[in-house]
Amino acid sequence: MPDLAPVYLISGEDHAKIDAWRARVRRRAEEENGPGALESIDARAGGPDAVAASLATLTFGTGTRYVLADGVEAWKAGDLEPLERELANPAPDTVLVLLARGKPSARLLKAVEAARGERRDYDPPKPWELPRWASERADEEGLELDGDAAKLLVELVGPSQQRIAREVEKLALHAHPERSLGVEQVQELAAGRRAAQAYDVADAVVAGDPDAAVRLAESLTSGAGEAPARLVYPVMRRLREVHRAVELLEAGASERDVASALGSPPWVAKRTVAAARKADRAALARAICVMADLEVELRNGEAADEQTGVTLALARAAA
């Protein structure tokens, strides 16, 4: 096993990977030294001096000591001197892990480098990289997701890395002792089933059936603890997907070419093409505009009531 560095600085906007680091450090500390072995400090409440004091405290434990400080992006460069002194002469058999959810100060970076520590920086994946990110997260859980299964998971759950990570963890538990999942199994097991049902809402809009669209939307949100605004993203995504399929079909593309251009799993592409063949391109464009206006209103807090705003928008989009 390679030697551990005296200090690790884990930073970036990929909060899911940073959370995974935190979990791994806790797991390793407890595996080596027992429950509660990780010394965890909230860096937002306790500054660099609190971490320095913890490092300077003598312990009578054996083995490697792990100290973790989460939130060091809040530290001011001028407050780092106590920690710099400790890192200049790090205690033996002690590993300090610093988590910065964002960009750490240049002075902290310099202190970590001077201590011969390591820095890992994680930027969030682009939207088109999320399926690969989901597959990598699944690998960490000992689960294999093929390309189509990972794409479907992202479509069902949405673009939130935290939600994708939680669903991957649930899939690994549900799938045990199986170690690999395909499209059909993800469709059956993913808790994002509600997002798949949101596609049914969008298909009702595509079909010009406002009664069905509103009824399905209310069944997904009323008394279920789901915010109506959660429907906006999957509905918009579905409308744009079908609109793109209509454009391609009108340009003379074959169903196979449409499916390839959409980049969706085969069963999703087949459903999209079927909807596109019955859809009106101009009506779809109007529906997309209606939902886009709703999204702006919700973001700006201009919608008087979220439930009413979503209901009216769906009715107008489908009319």
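The values are calculated or read from the model by the stated rules, or taken from the named source; none is laboratory data. A quick note: this is a predicted structure, and the numbers were derived from the prediction, not measured. For neighbour counting, all protein chains shown are included, and Cβ atoms are generated from backbone atoms with ideal geometry for every residue, glycine included.
For this structure, a couple of remarks:
- Flag for Ala56 being touching a residue at least 12 places away in the same chain (Cβ under 8 Å) and over 30 Å from the mean Cα position of the chain (by Cα): yes
- Options Arg27, Arg65, Arg85: the member that is basic (Lys, Arg) and crowded, with 20+ Cβ neighbours inside 10 Å: Arg65
- Every residue from the stretch 8-45 that is within 20 Å of Ser135 (Cβ to Cβ) and either assigned to a strand (DSSP E or B) or over 24 Å from the mean Cα position of the chain (by Cα) (or both): Gly12
- Some residue of the stretch 237-248 being at pLDDT below 85 and in contact with a helix residue (DSSP H, G or I) (Cβ under 7 Å, 6 or more places away or on another chain): yes
Condition check ((1) surrounded by fewer than 17 Cβ atoms within 10 Å (Cβ to Cβ); (2) touching a strand residue (DSSP E or B) at 6+ places or on another chain (Cβ under 9 Å); (3) not hydroxyl-bearing (Ser, Thr, Tyr)) across all residues:
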| residue | (1), (2), (3) |
| --- | --- |
| Val242 | no, no, yes |
| Ala251 | yes, no, yes |
| Leu262 | no, no, yes |
| Thr272 | no, no, no |
| Gly301 | yes, no, yes |
| Asp305 | yes, no, yes |
| Ala315 | yes, no, yes |
